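Student: Got a structure for you, written out below as structure tokens; questions coming shortly.
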Amino acid sequence: MTDTQEIVVPGSAPPVTAGNWENIKEALRGAHHDYTDGPIGRAIFLLAVPMVLETVLESVFAVVDVFFVSRLGADAVATVGLTESMMVLIYTLAMGLGIGATATVARRIGEKDPEGASHAAAQAVLLALLISLVLGATGIFAAPALLRGMGASPGVLANVNFTRIMLGGNAVVLMLFLVNAIFRGAGDAVIAMRVLWLANAINIFLGPMLIFGVGPFPRLGVVGAAVATNIGRGTGAVYALSRLVRPGARVQVRRHHFRLDPALMWQMVRLSGSGTFQILVGSASWVALVRVISTFGSTALAGYTICMRVLVFALLPSWGLSNAAATMVGQGLGARKPERAERAVWIAGKYNLWFLGGVGVIFVALAGPIVSIFSSDPAVAPIAVTGLRIVALGFPFYAYGMVLTSAFNGAGDTWTPTWINLLVFWLWEIPLAYLLAVTFHGGPRGVFISIMLAYSTLAIVSAWLFRKGRWKTRTV
């Protein structure tokens, strides 16, 4: 049986067999495996199952959160949308740090150097703590000015405390993303899954309690959503850090690992810095798109926010497969097996295609009923439905684009996807969005079309550069 035939993943056509159920149970047990040897398909499966499940509850939270907030009106949804567009920059930094941590830890594990992996993990944690202190203080004081700069209406500005809490609590985001990236790089994906399940389970429970004041909880409105999110993520971050120092982990951080190592920290800064810039280029483009959408009012922004949250529900599980590919690439290169690393990427891309292709068909066919769960506003719902259908048309391309981008990063080649992002998003997507939406009076539909075309372009360019193979020669 070949690597591409031996397993079944969600979204594929073949039936689930008893053997596959055994693989699922093994993947969820969290036992240590050597992912640099053995069948590639099985290795991807063992990594991807907990990584996909890790993001499932994150997807559920994304839509549940906006479901409850939407009951407060368009201004509340618009507040969440504008704040999330700013939080994207925090997520960008967290993911950038995570890219550096995953690539370094995976390479050390592939080289059979767990001590080096633990030392790198500790330095990354120290770096994230320093950055979060600066960002938190800045966000609390600058929140009103940031909202005004994003074109917020008076109704949105009245909810400024939501923005203050979200920006001020950025440390929990950085820790959650970073420590989970360390676990993924080491192949301990089950721990990362448990961390996010804990964080989001608390989010989902506390959200409606604090928004509407259920039982003994105070009624905080949209601010309650921010409080619930930070409590949930904070709890998850504490649990993640506790697992990082617990004996028996593949990456076990001890006190001596926290001694400042300027050389290693600078290496992490350079790797994470280029990774952060890469994601910043893509994430900042979302801020620009929100700015274009906001010119059409809170109704358009609310429709856009609902559409994006539903899309996140579909795309986040696909990041599980993408993260599995990054781990396989990093550990494969560390073990001096570049051909194995390359084959793993194409297999993971095919699995992602099966999954996202099926989800795309569902979104195109059932966009109306799906959006009606979140809003029945006759002005908001049609915008969300249109966006969902247009963006979903590009899902087959996104499937490979996501995996290929993660593969470059897993190899430590963070500059290639950075240049791709600059080309695709800033020289193509944003100008196109403005032309279609404003110049040619296409409104929000023009923005959605630009998103679909940009991400499809990214997949094509990434595949072409990946085949050239320069990523195989990167050192970390």
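The values are calculated or read from the model by the stated rules, or taken from the named source; none is laboratory data. This structure is a prediction, so every number in the text was calculated from the model and none was measured. With ideal geometry, Cβ positions are generated from the backbone for all residues, glycine too; neighbour counts draw on all protein chains shown.
Student: Go through the stretch 174-229 and give me each residue that's touching a residue at least 24 places away in the same chain (Cβ under 8 Å), surrounded by fewer than 24 Cβ atoms within 10 Å (Cβ to Cβ) and basic (Lys, Arg).
Tutor: Selection gives Arg194 alone.
Table: residues versus (1) in contact with a Ser or Thr (Cβ under 8 Å, 6 or more places away or on another chain); (2) of a type in the set (Phe, Trp, Tyr); (3) over 25 Å from Asp34 (Cα atoms).
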{"site": "Met209", "(1), (2), (3)": "no, no, yes"}
{"site": "Pro218", "(1), (2), (3)": "no, no, yes"}
{"site": "Val245", "(1), (2), (3)": "no, no, no"}
{"site": "Val251", "(1), (2), (3)": "yes, no, no"}
{"site": "Val269", "(1), (2), (3)": "no, no, yes"}
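Student: Next question. Name the residues in the stretch 275-324 that are modelled with pLDDT under 80, under 17 Å from Thr416 (Cα atoms) and surrounded by fewer than 22 Cβ atoms within 10 Å (Cβ to Cβ), would you?
Tutor: Leu280
Rundown of residues vs (1) within 23 Å of Phe363 (Cβ to Cβ); (2) surrounded by 21 or more Cβ atoms within 10 Å (Cβ to Cβ); (3) touching a residue at least 12 places away in the same chain (Cβ under 8 Å), yes/no style:
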| residue | (1), (2), (3) |
| --- | --- |
| Trp428 | no, no, yes |
| Pro431 | no, no, no |
| Tyr434 | no, no, yes |
| Arg445 | yes, no, yes |
| Ser456 | yes, no, yes |
| Gly469 | no, no, yes |
| Thr475 | no, no, yes |
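Student: Quick one: would you say Phe67 is among the aromatic types (Phe, Trp, Tyr) and either touching a Gly at 6+ places or on another chain (Cβ under 8 Å) or under 19 Å from Val371 (Cα atoms) (or both)?
Tutor: Taking the combined requirement at face value, the residue satisfies it.
Student: Within the group Gly368, Gly357, which residue is surrounded by fewer than 21 Cβ atoms within 10 Å (Cβ to Cβ), farther than 26 Å from Val424 by Cα and either among the aromatic types (Phe, Trp, Tyr) or at pLDDT 85 or above (or both)?
Tutor: Gly368
Student: Sort out which residues of the stretch 178-193 are of a type outside the set (Val, Ile, Thr), assigned to a helix (DSSP H, G or I) and either closer than 17 Å to Leu271 by Cβ or touching a Lys or Arg at 6+ places or on another chain (Cβ under 8 Å) (or both), and write them in order of number.
Tutor: Leu178, Ala181, Phe183, Arg184, Gly185, Ala186, Ala192
Student: Something else now. Looking at Ser59, is it modelled with pLDDT under 85, part of a helix (DSSP H, G or I), over 21 Å from the mean Cα position of the chain (by Cα) and farther than 21 Å from Ser274 by Cβ?
Tutor: The answer is no for Ser59.
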